Each structure stands twice: as C-alpha cells, then as structure tokens.
Amino acid sequence: MILIPRGLARAFRAVARKCVVGRPRGPAPPVTIHSDGVRLTLATTLEEVVVSVEVAAVEPSARTLVVPMDVFDAVEGAAVELAASGSKGTARWDGREGRRELPFEALRKDPRYELPTRPDDLHPVPPEFLTALHECGRTALRETARFALHRVQVNGKAGSVIGTGGKHALIWNGFPLAGTDAVLLPAIPVFGGKEVSAATDVRVGVVDDRFVVQAGAWTVFLTVD
C-alpha cells in the first residue's frame, strides 16, 4: 500500500494540467508513484514535459505503482490509500459522504514513464526566474504557427529569458545562467501556478535534451527544441 498525503493528488493533477503544450490531445498519461519508505515521488510524462514531486513518505514500506490519472480526479483532495495486486488496484479515501473506494487498473511499469536522468549539478537561480518563464511563456503563441514563436528562449550567456508572439517581445535579463547555451523550451503556464511559483529554492540544469527546473519539491523536465 502507498499512502498519498492530503491535497497532494489534487495538487499533482493541477500541476500536470499546466504542463500541457497547446490543446490536450488523447487520454491523460498515467502517474508513476514510488515510495522507498523515506521519500514519496509522483511523476508523469507528457508530450514535451515530465513533471515530478517529491515529499516525505508517510508509510515505511517500499512500493512502486503506475495508476491512471483518472484516480487523481476522483479523490477530492483527501489523503488516499493506493493498493494493488497484479492488475487490480483500489483507491480508498474519506470523502464528503464517508468512506469511498474506487477500483482501477494498475498498469505495468514502462520505461517510457521513468523519470529522466537528473543533472549532476543544479545551479541556484533567483525565484523570479519562475516568473520570467511564466510571463515570457504568456507572450509566446499558444499554437505552432511560425518557427520558435510558441517557445521560450533561455539564453545562458546573456542571462535572459525571452518570449515573443511576433508582434511584441518580453526580454527578462539578470539571471546567473553561465554555461547554459541558448535553448528553446515549451511555453507552459506551470511556473505561474501557486503550487510551483511559491518555491523559494529554485535550481536549474541541463542533461541530455532536457532543461531541468527544480522549484522546491517540484521538478519540471522541459524538452529542448
């Protein structure tokens, strides 16, 4: 069994929705939940973004489950117990009308949904970097129309974040991003959401084809275009 603390399922669902590029297409991706008895990690893989959150585990047992995102829609923000035997899983929580129970299909572990490798070094940046990513993302186009106008550029040499929709550009300077090349990233609203934007410890790094933003308990892996 894995116990998810109160409010975490709702917060994770809200953050995942804000990581979608453009209009959502297809079913919501599954959520991989892993507990080693000390830390509890929830992660989901979207088209161009992987998002995870790590908190203290409530139960001492070690377990990994892969569950449909629909389970997170149903639990009303309550603390939820997740258990599975084979492909049959059950979610239990205390709802407004008393004890609730929801059967679900427990999915198999899949390499496609594993967390990407974290950078060896994550460098601290001011919390305003999250605001810059959000506001520059709002300046960019919502859908692909012309090259790069639906992206945000992070330029390490200039220490800047830039977004443009073709008519106006927002250039936000002053970030210590030395060693990071100029990269184009998905313009997503997650960095303006209350769950992520409240972080005061913000760090960034690059590994393989991912630009990684760690904001408190949340980590967002952005695919570099």
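Throughout, read-outs are computed from the coordinates displayed, never taken from laboratory work. Note that this is a predicted model, so its numbers are computed, not measured. When we count neighbours, we look across all protein chains shown, and the Cβ atoms used for this are built from the backbone with ideal geometry, even at glycine.
For trypsin sites (Lys or Arg not before Pro), the sites in segment 165-215 that DSSP calls loop and that have at most 16 other Cβ atoms within 10 Å are Lys167. For segment 145-220, pairs of C-alpha atoms spaced more than 20 angstrom apart make up 34 percent of the total.
If R0 is 35 Å, what FRET efficiency do you get for Asp201 and Arg108 from their C-beta distance, rounded to 0.05?
Working: r = 35 Å, r/R0 = 0.99.
The pair Asp201/Arg108 has a calculated efficiency of 0.50.
Mean silhouette area of segment 58-175, derived from the convex hull of its C-alpha atoms and averaged over all directions, reads 12.2 nm². Under 5 Å from the amide H of Glu59 lie the amide H atoms of Leu3, each residue being 5 or more positions distant or on a separate chain, with H modelled from the backbone and absent for Pro and chain starts. Excluding Cys136 itself, calculate the net charge of residues whose Cβ lies under 14 Å from the Cβ of Cys136, where each Lys or Arg counts +1 and each Asp or Glu counts -1. Net charge in that neighbourhood comes out at +1. Straight-line cross-link partners of Lys18 among the lysines, defined as a Cα under 17 Å from its Cα and at least 8 positions apart when in the same chain: Lys194.
Mean residue ellipticity at 222 nm, helices only, the chain: -3500 deg cm²/dmol; runs of at least 4 DSSP H residues each add -39,500 (n - 2.57), and the sum is divided by the number of residues.
What translational diffusion coefficient, in µm²/s and rounded to a whole number, does the Stokes-Einstein relation yield for the chain at 10 °C and a viscosity of 1.306 mPa s, taking the hydrodynamic radius as the Kirkwood radius over Cα pairs?
Working: Rh = 18.4 Å.
D, rounded to a whole number, is 86 µm²/s.
Each part reduced to its alpha carbon centroid, segment 1-77 and segment 81-138 end up 2 Å apart. Would you mind getting me the FRET efficiency between His123 and His168? Use the beta-carbon distance for r and R0 = 41 Å, nearest 0.05. With R0 = 41 Å, the Cβ-Cβ based efficiency is 0.85. Restricted to Cα atoms, segment 2-91 shows a radius of gyration and a Dmax of 12.8, 39 angstrom. The angle between the Cα long axis of helix 128-139 and the main principal axis of the chain comes to about 80°, on a 0 to 90 degree scale.
What is the extension gain from Arg10 to Arg100, computed as 0.36 nm multiplied by their sequence separation minus the C-alpha to C-alpha distance, in nm to one decimal? Can you show the working numbers first?
On the way: separation 90, 0.36 × 90 = 32.40 nm, distance 1.61 nm.
Roughly 30.8 nm would be gained on extension.
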